[in-house]
Amino acid sequence: MEQIVDLHIEHLPEGVCLATSDDIPGLVAQGRTVTETLEIARDVAKKLPEAQAERRGPLHLRQTGESFDYPLVVSD
């Protein structure tokens, strides 16, 4: 089952990217590039809800469905 988690990606002055999400409270991922940050965020998004489910109950994320928009990031 695939679900959609909206991420907010920010380029920090320190030269790294930071990802957070309103969909999964506590999700924070940092990497040197957007790609690395997304990979880390994906791992955190898989593990964090399992750890939080005991305390907060399950998260209700959107299913991918038949179609959905996905921003593709490409570098020069």
**Message:** For E14, only one of the following conditions fails: (1) over 20 Å from P71 (Cα atoms); (2) in a helix (DSSP H, G or I); (3) of a type in the set (D, E, K, R). What is its number?
**Reply:** (2)
**Prompt:** Looking at segment 60-72, which of its residues are surrounded by 10 or more Cβ atoms within 10 Å (Cβ to Cβ) and within 22 Å of T37 (Cα to Cα)?
**Reply:** L61, R62, T64, F68
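This table checks each residue for (1) more than 20 Å from M1 (Cβ to Cβ); (2) touching a helix residue (DSSP H, G or I) at 6+ places or on another chain (Cβ under 7 Å); (3) in a helix (DSSP H, G or I).
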{"site": "A19", "(1), (2), (3)": "yes, yes, no"}
{"site": "D22", "(1), (2), (3)": "yes, no, no"}
{"site": "P25", "(1), (2), (3)": "yes, no, no"}
{"site": "Q30", "(1), (2), (3)": "yes, yes, no"}
{"site": "T35", "(1), (2), (3)": "yes, no, yes"}
{"site": "D43", "(1), (2), (3)": "no, no, yes"}
{"site": "L48", "(1), (2), (3)": "no, no, yes"}
{"site": "A51", "(1), (2), (3)": "no, no, yes"}
{"site": "H60", "(1), (2), (3)": "no, no, no"}
**Item:** Number of the exception - G57 against (1) surrounded by 10 or more Cβ atoms within 10 Å (Cβ to Cβ); (2) of a type outside the set (S, T, Y); (3) modelled with pLDDT under 85
**Value:** (1)
**Request:** For segment 1-38, enumerate the residues that are within 21 Å of Q63 (Cα to Cα), without any contact (Cβ under 8 Å) to a residue 40 or more places away in the chain, surrounded by fewer than 14 Cβ atoms within 10 Å (Cβ to Cβ) and touching a strand residue (DSSP E or B) at 6+ places or on another chain (Cβ under 8 Å).
**Result:** H8, D22
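The values are calculated or read from the model by the stated rules, or taken from the named source; none is laboratory data. Nothing here was measured: the structure is a model prediction, and the numbers come from that model. Here the Cβ is made from the backbone with ideal geometry for all residues, glycine too, and neighbour counts use every protein chain on show.
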